[in-house]
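The values are calculated or read from the model by the stated rules, or taken from the named source; none is laboratory data. Only a predicted model underlies this, so the values are computations on that prediction, with no experimental measurement involved. Don't worry about glycine lacking a Cβ; one is built from the backbone with ideal geometry, like all the others, and counts go over all protein chains shown. Keep in mind that these areas ignore ligands, DNA and RNA; they rest on the heavy atoms of the full protein, side chains included. Shrake-Rupley method; radii C 1.70, N 1.55, O 1.52, S 1.80 Å.
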Amino acid sequence: AGLLFTGVACLLSILFYSVFVFDGSGMLFGTDMLDQAYQLRQFGVEEIRSGRGFPLWNPFLNGGLPFLAILPGPAFYPTSLLYLVMPLYRAIGWTFVLHTALAGVFAYLAARSLSLGRWAAAVTGLAFMFTGFVVSLLYGGHDGRMFGMVLIPLAFMLLEHGLRSGRIGWFLGLGTVVALQIFTPHVQVMYFSSLCLTLYAAMRIAGVARADGGRPQALWLAGFFGLAFVVAAGLGAAQLLSTWSILDIGVRGTVESGYEFASSWALPPQELSALFLPDLLGSLGMYWGSNPFKLHTEYLGAVPLALALVALSGVRRDPRVRSCAIISAVCVLFALGAATPLHRLTYHIIPMISSFRAPSMMLGPGAFFVALLAGLGWQRVVDARAGGGTSLPWRWIWVAASPLLLFGLAAALSPEGLQRWFLNGFFPRGWSRLPSAELASQLQVGGWFLLAGVAGSLAVGQGVTQKRIPSAAVAGVLLLLVIDLWRVDVRYLDVRDPVAEFASDPAIEFMQANLRPGERAFQPQLPQGGRTYGQNELMLHDIPSVTGVLNFRLRWFDELAGGVGYQNVLRPTMWTLFDIRYLTLPVPVESDLLTPVAQAPGVHVYEVVNDLPHAFFPASVVAEREEAQAIAFTLGLEDPLGLAVVQAGQAPVAGQGRAEISALGLDRIELDVEATVGGLLFVSEIFHPAWEARVNGEPAEILRTNGAFRGVVVPAGSSSVEMTYARGELTAGFWISGLTAFGLLLSALLLGARSWRGRRQSSE
């Protein structure tokens, strides 16, 4: 039965993505994938294919910063091996296809671990496979987030088997799956799902402890559960340690902090309607809710919601239903953020909650537990049929379903009226966004599906329990479930031509041909026009830039550049410090400091007139220990050649001479220096404590200079300066991951041998 369902899930996934699968040359569209993620992955793939391995430093964005630490994508995740055997844009798409099928298979196995029958497990598998909050991540290109959510049912299945059997092997498997979530590398999904698994384990272990003589067994289970996360941390150390190293020196997205940040991008209370009517407030271009924009759906499906109500009718008698119901409710309340006390309470109590925004992501594990409830609901139908059809309170179930039926009826008969009711009831007077006529027509269709899905599945369930129709009628329920979720999910599926998306142009080709080693481009965000290129787009063409879209930026770079808008880089003195040679502008400008040199549709390239070397000797040097004061001092400079500030207790002497780049790599730079007077050499490379310097072969200190750059003292005469990037925690992380993996393999062999001996002895 499991193999049959796996085949069905794979076939459905291929059919859903058929426009991509059978295209052969297209790529799946994703907003963040096209704007930022694809470029980072292409960079990593090219380095690995060249034989140089994982890049450690990325010189193309924000002037330069660590590569692996900023979570550039699923670098260590198993399916990323596809990146090396087929074109990257195809490989990324196929990982979506694969994980959509795996979502169904893993959820099916999770349901079977709860002793659900084949048809009930199929309900859970298909409900989670096509649940909106997972599949709609396509549109944002959020593959890592999707992978993390897809692994939730697999982790649950291993946990359930471990709790039932008390065998350590299942918990070691759980730790391995959590490590895979770390490698996705969407740490927030891993953390949220781990919280839900912990809550589930706590309820189950508490039940064991309450039984007579169950306390020792409960302690063993709790210990094994804790061991699973120790294993996960060990396996995931290669990613965890590199990311941990940037937390204190990095800025995540924006500089916001506190509860306002942690509760941002929560699910607005009125958008609970999206769980059953996805078109009431809409999404994509037809969204009229209170978030700035919405590129996904939380739709759970009419059939799963109806069958979940069937399951809830047995909440007092079935601990499986009770656990899933509690966790589902916790997930929804948490997702609402500041609208309920739960999120604020966890913010103050649970570690790391304050580091994450978007509490709405808790709907990922919530969707899985609702899918489990749907499977449990159909299992109740089957069990009631076997027991004579009298054990289900159908009258109560229909009453509980009446709000869904009323919403469906209102949407089907008067979609505009339902929208006006929501507008007047949940939004302030004069709300600028209004629902469109097209959205109203979609809402009407959704209303009919809600009516059909809820009423149809309940009617079939009641008919099966009362033996008026055969149990095989569940096939029709499953078909309606898939059609309903499919019609919503497919809106987030789009295929684009990668040649057109990543095409070069005359402006890019000019910069490629004329940029010298170390020089950069800058794309100002001007009020009179949009961006000339995507902020990571130039990276795809090997053009270093001061801008970039990343999970993290180095703190001192962010403060010097002026935050996400790079306002401070508009100052000509910053052009010198960042060694900016070209500015790309959406509109023509006139300036004595800039010379027009190239043009492309919508892009004007200007060359900085007073272009200075990548490394030079400032005429004088001052010292300032405080980072904020040093950055403020730098921003006030009128002539970087005349004065530099170093973050040190004492300023080194100023030197004179010249310096040229003799070799420039990703994590290494060499300079040939001729100094008539020895002193501080300013180098237009972003400072990071992992960079090490050698002057004429001898170790030398790298001083943070002008807030965010490097400086090194060189003697008079001819010198060779070499700077290399060396991260001890990266090496340590790989060693810890490798040793943990070896220990797991050895444990698996020992456990397998023990199991084999046990079976052999029992057969004798």
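Among the residues of segment 484-513, the ones that are without any contact (Cβ under 8 Å) to a residue 24 or more places away in the chain and either open to solvent by less than 30 Å² (accessible area, probe 1.4 Å) or not aliphatic (A, V, I, L, M) (or both) come to 1 in all. Working only within segment 228-263, note down all residues that are at pLDDT 90 or above, open to solvent by less than 30 Å² (accessible area, probe 1.4 Å) and either of a type in the set (Lys, Arg) or under 23 Å from residue 196 (Cβ atoms) (or both). Hits for segment 228-263 are 228, 231, 232, 234, 235, 236, 239, 262, 263. Checked against (1) of a type outside the set (Val, Ile, Thr); (2) touching a Gly at 6+ places or on another chain (Cβ under 6 Å); (3) modelled with pLDDT under 95; (4) open to solvent by less than 60 Å² (accessible area, probe 1.4 Å), residue 451 meets all criteria but (3). Just one residue in the set 654, 615, 648 is under 21 Å from residue 691 (Cα atoms), open to solvent by less than 60 Å² (accessible area, probe 1.4 Å), among the aliphatic types (A, V, I, L, M) and modelled with pLDDT of 95 or more; that residue is 615.
Residue by residue, here is whether (1) closer than 20 Å to residue 18 by Cβ; (2) open to solvent by 10 Å² or more (accessible area, probe 1.4 Å); (3) touching a residue at least 24 places away in the same chain (Cβ under 8 Å) holds:
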{"position": "90", "(1), (2), (3)": "yes, yes, yes"}
{"position": "95", "(1), (2), (3)": "yes, no, yes"}
{"position": "102", "(1), (2), (3)": "yes, yes, yes"}
{"position": "116", "(1), (2), (3)": "no, no, yes"}
{"position": "130", "(1), (2), (3)": "yes, no, yes"}
{"position": "139", "(1), (2), (3)": "yes, yes, yes"}
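Is there a residue in segment 715-726 that is more than 20 Å from residue 552 (Cα to Cα) and surrounded by fewer than 14 Cβ atoms within 10 Å (Cβ to Cβ)? Among the residues of segment 715-726, at least one is more than 20 Å from residue 552 (Cα to Cα) and surrounded by fewer than 14 Cβ atoms within 10 Å (Cβ to Cβ), which makes the answer yes. Filtered by the rule that a residue be among the charged types (D, E, K, R) and over 23 Å from residue 121 (Cα atoms), segment 314-356 gives a lone residue, 344. The set of residues from segment 664-678 being closer than 30 Å to residue 729 by Cα, open to solvent by 30 Å² or more (accessible area, probe 1.4 Å) and part of a strand (DSSP E or B) comprises 664, 668, 670.
Okay, residues lined up against (1) at pLDDT below 95; (2) closer than 30 Å to residue 562 by Cα:
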| position | (1), (2) |
| --- | --- |
| 60 | no, yes |
| 69 | yes, yes |
| 80 | no, no |
| 94 | no, no |
| 101 | no, no |
| 110 | no, no |
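Examine segment 337-359 for a residue that is more than 28 Å from residue 449 (Cβ to Cβ), at pLDDT below 95, basic (Lys, Arg) and crowded, with 19+ Cβ neighbours inside 10 Å, and state whether such a residue exists. Among the residues of segment 337-359, at least one is more than 28 Å from residue 449 (Cβ to Cβ), at pLDDT below 95, basic (Lys, Arg) and crowded, with 19+ Cβ neighbours inside 10 Å, which makes the answer yes. Does segment 723-732 contain at least one residue that is more than 32 Å from the chain's Cα centre (by Cα) and part of a helix (DSSP H, G or I)? Checked against the condition, which is being more than 32 Å from the chain's Cα centre (by Cα) and part of a helix (DSSP H, G or I), segment 723-732 yields no hits at all. Kindly provide the set of residues from segment 145-162 that are open to solvent by 10 Å² or more (accessible area, probe 1.4 Å) and not charged (D, E, K, R), ordered by number. Within segment 145-162, 154, 157, 158, 161 qualify. Of the residues making up segment 450-461, one or more are closer than 27 Å to residue 339 by Cα and touching a residue at least 24 places away in the same chain (Cβ under 8 Å). Put simply, of 23, 32 the only residue that is open to solvent by 40 Å² or more (accessible area, probe 1.4 Å), closer than 24 Å to residue 488 by Cβ and part of a loop (DSSP other than H, G, I, E, B) is 23. Restricting attention to segment 727-742 and to residues that are open to solvent by less than 60 Å² (accessible area, probe 1.4 Å) and in contact (Cβ under 8 Å) with a residue 60 or more places away in the chain, the residue that is nearest to residue 670 (Cα to Cα) turns out to be 727.
Go through segment 206-227 and give me each residue that's of a type in the set (A, V, I, L, M, F, W, C) and open to solvent by less than 20 Å² (accessible area, probe 1.4 Å). Residues satisfying the conditions are 218, 221.
Among all positions in segment 169-190, there is at least one residue which is open to solvent by 10 Å² or more (accessible area, probe 1.4 Å) and more than 23 Å from residue 76 (Cβ to Cβ).
For segment 514-568, the candidate set comprises residues that are more than 21 Å from residue 588 (Cα to Cα) and small (Gly, Ala, Ser); within that set, the residue that is surrounded by the fewest Cβ atoms within 10 Å (Cβ to Cβ) is 563. Run down 460, 464, 454 and say which single residue is among the β-branched types (Val, Ile, Thr), closer than 24 Å to residue 491 by Cα and more than 32 Å from the chain's Cα centre (by Cα). That would be 454, the only listed residue that is among the β-branched types (Val, Ile, Thr), closer than 24 Å to residue 491 by Cα and more than 32 Å from the chain's Cα centre (by Cα). Summed over segment 69-101, residues that are touching a helix residue (DSSP H, G or I) at 6+ places or on another chain (Cβ under 7 Å), outside any helix (DSSP H, G or I), over 30 Å from residue 127 (Cβ atoms) and not aliphatic (A, V, I, L, M) total 2. In the set (1) touching a strand residue (DSSP E or B) at 6+ places or on another chain (Cβ under 8 Å); (2) at pLDDT 95 or above, the condition left unmet by residue 56 is number (2). Exactly one residue out of 372, 409, 392, 434 is within 23 Å of residue 481 (Cβ to Cβ), assigned to a loop (DSSP other than H, G, I, E, B) and in contact (Cβ under 8 Å) with a residue 24 or more places away in the chain: that is 392. Restricting attention to segment 679-714, the residues that are in contact with a strand residue (DSSP E or B) (Cβ under 6 Å, 6 or more places away or on another chain), under 15 Å from residue 615 (Cα atoms) and open to solvent by 10 Å² or more (accessible area, probe 1.4 Å) add up to 6. I want to confirm something. Restricting to segment 393-445 and keeping residues that are farther than 30 Å from residue 459 by Cβ and of a type in the set (A, V, I, L, M), which single residue is surrounded by the most Cβ atoms within 10 Å (Cβ to Cβ)? Among those that are farther than 30 Å from residue 459 by Cβ and of a type in the set (A, V, I, L, M), it is 423.
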